[in-house]
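The values are calculated or read from the model by the stated rules, or taken from the named source; none is laboratory data. The structure displayed is predicted, hence computed values, not measured ones. Cβ placement follows ideal geometry from the backbone for every residue including glycine, while neighbour counts extend to all protein chains displayed.
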Amino acid sequence: MRTDYLIIGSGVAGLTFALKIANHFPERKVTIITKSEEAESNTKYAQGGVAVVIDEIEDSYEKHIQDTLLAGDGICDAEIVEMVITEGPKRFKELVAWGAKFDKNSEGEFDLGKEGGHSENRVVHHKDQTGFEIERTILRQVNRTRNITILEYHFALELILENNRCYGVYMMNENNGNIEICKAGYTVLATGGIGQVYGHTTNPEIATGDGIAMAYRAGAKIKDMEFIQFHPTALFDETASETFLISEAVRGFGAFLRNAEGKRFMSDYDARGELASRDIVSQSIYKELKDSQQKCVYLDCTHLDGNEFRQHFPMIYRHCQDIGIDIAKDWIPVIPAQHYLCGGIVTDKNGKTSIEHLFACGECSRTGLHGANRLASNSLLEALVFSNRIFKYISSTSLISLTVNKEFSEWHPIQKGEIPSGYIKETEEELQLLMRENAGIVRNDADLLSAKARLIQLQKEVEGKYKQYVITTSLCELRNMIQVALLIVEQSLQRTKNCGGFLKTNACVAV
Ligand code: FAD
Ligand code: SIN
């Protein structure tokens with residue numbers, strides 16, 4: 001199979017790029033492959049919104065830039081921060097023009113929410129389902145575009161490379177189990193996050209770090225993997241199989257964080273209280289729980305206007321109600337959970353990776369925007385801005401034909417037989433526990449070293465199985481997650497100074 005532009009992933013990053021390049025070159029072929037059904041992505045679950053400066057009276061680019069730099073704790077690339085924030089409003093207007101609906105206030109202006117680390121109200125949102133609205137809107141545009149094909153249940157296995165140039169991917173068509181080649185003039189990795197490496201995560205099952213692992217194996221530069229963002233307020237529900245997020249916008253709306261004794265503790269840690277940046281709130285909750293030996297802290301919404309709450313956060317309200325929590329009377333039990341990866345595949349300001357004809361966009365990329373801790377609601381913004389920059393860059397440099405005439409060897413499976421049942425699940429659970437216990441909110445070198453040793457063993461074992469048995473996507477995901485875990489652990493060992501979301505209790509000098 002051949003395509004001019006291959007996009008791996010159908011979240012906000014991949015879909016936005018695909019739509020733009022397809023409209024610009026209507027005679028060219030744009031192909032999106034995605035490993036699940038087309039809407040499944042981290043994007044679909046985004047709650048709080050998109051941080052963007054549209055109130056030019058109270059707010060300013062300068063304030064949003066300063067908030068982003070402060071949250072990133074000295075590790076952001078200031079040029080990228082300025083670029084993303086000043087380009088944001090145009091990208092937001094495009095979304096609105098495509099049909100995305102964002103909440104408005106009684107004056108008919110966009111309702112601007114607040115989240116941790118923001119000095120002003122600047123988060124545009126669609127109730128507590130902003131990501132669903134964005135995904136729905138862009139997908140509808142993509143599905144109407146004649147020269148875009150979406151291949152659902154197609155799993156990217158490995159990039160095809162020659163002389164540091166990417167020519168496409170090997171992919172498994174999960175509908176028939178065949179491994180096929182997709183040759184492409186340009187390839188964009190938009191494969192999202194890594195939450196499943198930790199298991200206790202706000203991310204859905206697709207978040208297994210495939211793009212980062214593939215890029216790493218292909219020799220791309222990967223950086224800042226130690227900066228894992230833990231969201232402070234995932235619902236604490238021991239009966240649930242998936243972790244439900246209670247948006248930071250709920251604290252922006254006025255909710256208090258209390259410990260089991262009822263004390264509002266955040267002002268003991270930061271003058272901004274509940275609206276300190278996410279890294280600080282998560283680390284503070286960690287300390288509260290360690291000191292008290294309790295299992296969770298609580299979000300208290302009982303003093304808030306119940307009707308307004310229900311209007312702003314209908315999904316959160318309903319979810320709590322379904323499990324017997326009446327937010328008008330009960331505190332919501334919460335605990336930090338893995339939420340976001342600040343690092344990833346290194347790109348320049350046009351989304352170019354260190355491999356020719358290979359671009360990365362969205363959560364799998366490391367652009368320099370987030371530094372050591374992403375400011376709330378800057379992720380959707382980053383994906384919107386960078387997908388546009390990749391489009392602009394590629395469209396100005398690819399006016400000639402993109403046909404790839406080279407031939408590449410077929411995938412040569414030497415595997416026989418099925419992997420023993422239970423192996424993947426057991427190994428995945430071991431990996432997730434290992435990462436939670438040794439590479440969580442607070443780390444130390446001794447634990448990281450022992451995790452590294454075990455991960456190397458697991459990697460060897462899984463590589464053996466990968467060569468021995470018939471390949472399945474769950475085996476490939478496990479292989480990718482182990483690779484990502486190793487990158488997190490190794491880069492955590494290398495970092496010697498604490499900053500942002502990175503906290504090691506030994507051998508560290510606070511910045
Ligand atoms: P995704 O949306 O995750 O899309 C990745 C795509 O790649 C998926 O379609 C997946 O199936 C596909 N894929 C992965 N591997 C393969 C493979 N091997 N082969 C083929 N396809 C593959 N950010 C904000 O800015 N504001 C918010 O309010 C906000 N709230 C959030 C709430 C939750 C619960 C979560 C989980 C995240 C939230 N975030 C928020 C973060 C933000 O949603 C994500 O960072 C962003 O949507 C990532 O977009 P993406 O396009 O890079 O990746
Ligand atoms: C949230 O709604 O709390 C998530 C916002 C984000 O991840 O930026």
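For the stretch 1-101, give me every one of the helices (runs of 4 or more DSSP H) that falls completely inside it and has 2 or more residues that are charged (D, E, K, R), more than 8 Å from ligand 1 (Cβ to nearest atom) and in contact with a Ser or Thr (Cβ under 9 Å, 6 or more places away or on another chain). Show your work before the answer.
On the way: elements: 12-24, 61-72, 78-98.
The qualifying helices (runs of 4 or more DSSP H) are 61-72, 78-98.
Being crowded, with 22+ Cβ neighbours inside 10 Å, within 24 Å of the chain's Cα centre (by Cα) and assigned to a helix (DSSP H, G or I): is that true of G131 here?
Considered against the rule, which asks whether it is crowded, with 22+ Cβ neighbours inside 10 Å, within 24 Å of the chain's Cα centre (by Cα) and assigned to a helix (DSSP H, G or I), G131 comes out as yes.
Search the stretch 44-61 for residues that are of a type in the set (S, T, Y) and pair each with any residue that is at pLDDT below 95 and within 9 Å of ligand 2 (Cβ to nearest atom) when their beta-carbon atoms are under 9 Å apart and the residues are at least 6 apart or on different chains.
Partner pairs satisfying both residue conditions: none exist.
Residues G193, G199: which one is assigned to a loop (DSSP other than H, G, I, E, B), touching a residue at least 12 places away in the same chain (Cβ under 8 Å), surrounded by fewer than 20 Cβ atoms within 10 Å (Cβ to Cβ) and touching a strand residue (DSSP E or B) at 6+ places or on another chain (Cβ under 9 Å)?
The conditions single out G199.
State yes or no: is S119 surrounded by 22 or more Cβ atoms within 10 Å (Cβ to Cβ) and in contact (Cβ under 8 Å) with a residue 24 or more places away in the chain?
Here the answer is no, as S119 does not meet what is asked.
Residue by residue through the stretch 47-88, note down the ones that are polar (S, T, N, Q) and in contact with a strand residue (DSSP E or B) (Cβ under 8 Å, 6 or more places away or on another chain). Let's see the steps before the verdict.
Residues of the stretch 47-88 polar (S, T, N, Q): 47, 60, 66, 68, 86.
Hit for the stretch 47-88 is Q47, nothing else.
State all residues of the stretch 138-161 that are touching a Lys or Arg at 6+ places or on another chain (Cβ under 8 Å) and either modelled with pLDDT under 95 or polar (S, T, N, Q) (or both); if no residue qualifies, say none.
N147, T149
State which residue pairs qualify: first residue under 21 Å from Y393 (Cβ atoms) and near ligand 1 (Cβ under 7 Å from one of its atoms) and inside the stretch 361-379, second residue of a type in the set (S, T, Y) and not in a loop (DSSP other than H, G, I, E, B) in any location, beta carbons under 6 Å apart, and separation of 6 or more residues or different chains.
Going by the 6 Å Cβ cut-off, the qualifying pairs are C361/S387.
Yes/no matrix, rows are residues, columns are (1) in a helix (DSSP H, G or I); (2) within 15 Å of ligand 2 (Cβ to nearest atom); (3) out of contact with any Leu (no Cβ under 9 Å at 6 or more places or on another chain):
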residue: N121; (1), (2), (3): no, yes, no
residue: R136; (1), (2), (3): yes, no, yes
residue: L139; (1), (2), (3): yes, no, no
residue: I150; (1), (2), (3): no, no, no
residue: A156; (1), (2), (3): no, no, no
residue: L159; (1), (2), (3): no, no, no
residue: Y170; (1), (2), (3): no, no, no
residue: G219; (1), (2), (3): no, no, no
residue: E226; (1), (2), (3): no, no, no
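Quick test of your reading of the structure: G211 fulfils all but one of (1) closer than 30 Å to I8 by Cβ; (2) within 14 Å of ligand 2 (Cβ to nearest atom); (3) crowded, with 22+ Cβ neighbours inside 10 Å. Name the failing condition by number.
(2)
Looking at this structure, is R443 in contact with a strand residue (DSSP E or B) (Cβ under 8 Å, 6 or more places away or on another chain), more than 16 Å from ligand 1 (Cβ to nearest atom) and of a type outside the set (A, V, I, L, M, F, W, C)?
It is true that R443 is in contact with a strand residue (DSSP E or B) (Cβ under 8 Å, 6 or more places away or on another chain), more than 16 Å from ligand 1 (Cβ to nearest atom) and of a type outside the set (A, V, I, L, M, F, W, C).
Limited to the stretch 344-359, what total is found for residues that are under 27 Å from R436 (Cα atoms) and either buried (at least 24 other Cβ atoms within 10 Å of the Cβ) or free of Cβ contacts under 8 Å to residues at least 12 places away in the same chain (or both)?
2
Among the residues of the stretch 458-491, which ones are of a type in the set (D, E) and under 13 Å from G211 (Cα atoms)? Working first, answer last.
Taking the stretch 458-491 as the starting set, the residues that turn out to be of a type in the set (D, E) are 461, 463, 477, 490.
The answer is E477, and nothing else.
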